[in-house]
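The values are calculated or read from the model by the stated rules, or taken from the named source; none is laboratory data. Because the structure is a prediction, the values reported are computed rather than measured. Cβ placement follows ideal geometry from the backbone for every residue including glycine, while neighbour counts extend to all protein chains displayed. These area figures cover heavy atoms from the full protein model, side chains too; ligands, DNA and RNA do not enter into them. Shrake-Rupley method; radii C 1.70, N 1.55, O 1.52, S 1.80 Å.
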Amino acid sequence: MNILSIETATEHGSVALLHDGELLVRRIEGAANHSEAVLRDLRELLIEAGLAVTQLDAIAFGAGPGAFTGLRLACGVAQGLALGAGLGIAAIGSLQALALQTDARRVFVATDARMGEVYHAAFELDAEGVPMPVGQVGCSQPLELELPAGDWFAAGSAFKVWPQELEARLLGRLTGCRPDMVPRAEEVARLGAVAVARGALTPPELAAPLYVRDKVAFTTAERLARGGRA
């Protein structure tokens, strides 16, 4: 199976090509570099593998939640490539892709959402080893975060940005933690292959990012209400 994937939900961007079970990957560090590097690096991956876009089974992208600009970039590039080649799109949740990195059976993912909030979601592995969501993706302040019943392995940047707050909130409920993990294109590609196998692709014109919240900054009044400066 051949899946081309894009993940630019955070400043640690990447693209990947899953080709006959092997992964080719390019890292793109710094959000400012994403738009310039994505198409170039995707082209290099296809050349390295000797593939044309029309030989792919699908285009996959990290749908978020994450940085709005990065999500729109990944979605737009995926749509353009898929439309031109007559392919379907696998819109993969970035938190699900992050959960797949851990190989843990029950994973609670929380990433820094800026503005004093975190994106979060819980996942359990299904019979095929795919992390499936337990409930909905959420966005909340660290001390308002709700963890489902039971013990969980934790992953994501929120545990690096808000260590004391999350430790106080989740004390005794975590079996381990990887705060260094970020969403990557290789897991997006692997989940894209699952989407192909399960017939879960989306037409390019219907693909969309998962924003979770609809604002990127506080107003002056909101900053003051939270104890910040105007």
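Just wondering, is there one or more residues in the range 2-22 that are at negative phi, assigned to a helix (DSSP H, G or I) and either open to solvent by 80 Å² or more (accessible area, probe 1.4 Å) or in contact with a Ser or Thr (Cβ under 8 Å, 6 or more places away or on another chain) (or both)? Within the range 2-22, not a single residue is at negative phi, assigned to a helix (DSSP H, G or I) and either open to solvent by 80 Å² or more (accessible area, probe 1.4 Å) or in contact with a Ser or Thr (Cβ under 8 Å, 6 or more places away or on another chain) (or both). Summed over the range 74-104, the residues that are open to solvent by less than 40 Å² (accessible area, probe 1.4 Å), under 17 Å from the mean Cα position of the chain (by Cα) and not small (Gly, Ala, Ser) give a count of 10. Summed over the range 144-156, the residues that are farther than 18 Å from Ala168 by Cβ, modelled with pLDDT of 95 or more and either open to solvent by 70 Å² or more (accessible area, probe 1.4 Å) or of a type in the set (Gly, Ala, Ser) (or both) give a count of 1. Can you work out which of the residues in the range 2-25 that are over 19 Å from Gly76 (Cα atoms) and without any contact (Cβ under 8 Å) to a residue 60 or more places away in the chain is farthest from the chain's Cα centre (by Cα)? Among them, the one singled out is Asp20.
For the range 30-66, what are the residues that are among the small types (Gly, Ala, Ser) and surrounded by fewer than 21 Cβ atoms within 10 Å (Cβ to Cβ)?
If the condition is that a residue be among the small types (Gly, Ala, Ser) and surrounded by fewer than 21 Cβ atoms within 10 Å (Cβ to Cβ), then Gly30, Ala31, Ala32, Ser35, Ala37, Ala49, Gly50, Ala52 are the ones that fit.
Can you find, within the range 118-143, the residue that is farthest from Val161 (Cα to Cα) among those that are in contact with a Phe, Trp or Tyr (Cβ under 7 Å, 6 or more places away or on another chain) and open to solvent by less than 10 Å² (accessible area, probe 1.4 Å)? That would be Pro131. A single member of Gly135, Gly176, Gly199 is out of contact with any His (no Cβ under 7 Å at 6 or more places or on another chain), without any contact (Cβ under 8 Å) to a residue 12 or more places away in the chain and not hydroxyl-bearing (Ser, Thr, Tyr), and it is Gly199. Of the residues making up the range 105-115, those that are modelled with pLDDT of 95 or more and either small (Gly, Ala, Ser) or surrounded by fewer than 18 Cβ atoms within 10 Å (Cβ to Cβ) (or both) are Arg105, Ala110, Ala113.
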